Structures are given as structure tokens and as C-alpha cells.
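The structure appears below as C-alpha cells.
The values are calculated or read from the model by the stated rules, or taken from the named source; none is laboratory data. If you're wondering where the values come from, they're calculated on a predicted model, not measured in any experiment. Glycine gets a Cβ as well: all are built from the backbone with ideal geometry, and neighbour counts include every protein chain shown.
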Amino acid sequence: MIWGSRDAVLPVTQAHRAHAAMPGSSLEVFTGAGYYPFHTDPARFVLTVESFLATTQPSSWNHEQWRQLLRAGPGTPAMPAEVKAASERNVT
């Protein structure tokens, strides 16, 4: 996630909550930026996105995995272990 520290639409506290709720996620806060951090520091924004793309394994979910996950819901015993592991590994 990329967030501006002065975001008036979605306060940075929401960024920290979302980051804490998503194991394996990454959070980059742009100090002084508002809702559009790419306007404040476009070079840093591009470097952050490029770094994410270079270091993050893409999700490999298929249609059936999505179906199982949506039907089971988070944290239910019916969720296959590999689907739960993939969801936690691929969140950003």
C-alpha cells in the first residue's frame, strides 16, 4: 500500500490498520502527501512500485480456489490450508 500521511479522504491511521490486518502486506507512507502521493513525489512513487513488482511473487489463484475461499469465508475450518496460505502470502 502507498499512502499519504496527510490524506484527508482516508487518514493514514486507516493505512496502518489495513496493513496490520493483512499479513505479508507492505506499507509505504509518503510524509506530507495527501490523497495522491504520486503527485507529491512521482520519482519515489515509481521506485516504490517498481520495487514491489520486482520483489513480489504474483498470485497464482485459479477460479476454483476463489470459489472455495468465498464460500468458506475467512478463518473457517472449511477453507483449504493452501488457499489460506496463498491469501496471506499474496496480500500487499
Give, as residue ranges, the helices (runs of 4 or more DSSP H) completely inside region 16-92 that count at least 1 residues that are loosely packed, with under 12 Cβ neighbours inside 10 Å and modelled with pLDDT under 95.
42-55, 63-72, 81-89
Sort out which residues of region 21-77 are without any contact (Cβ under 8 Å) to a residue 12 or more places away in the chain, within 23 Å of Pro11 (Cβ to Cβ) and over 18 Å from the mean Cα position of the chain (by Cα), and write them in order of number.
His39, Asp41, Pro42
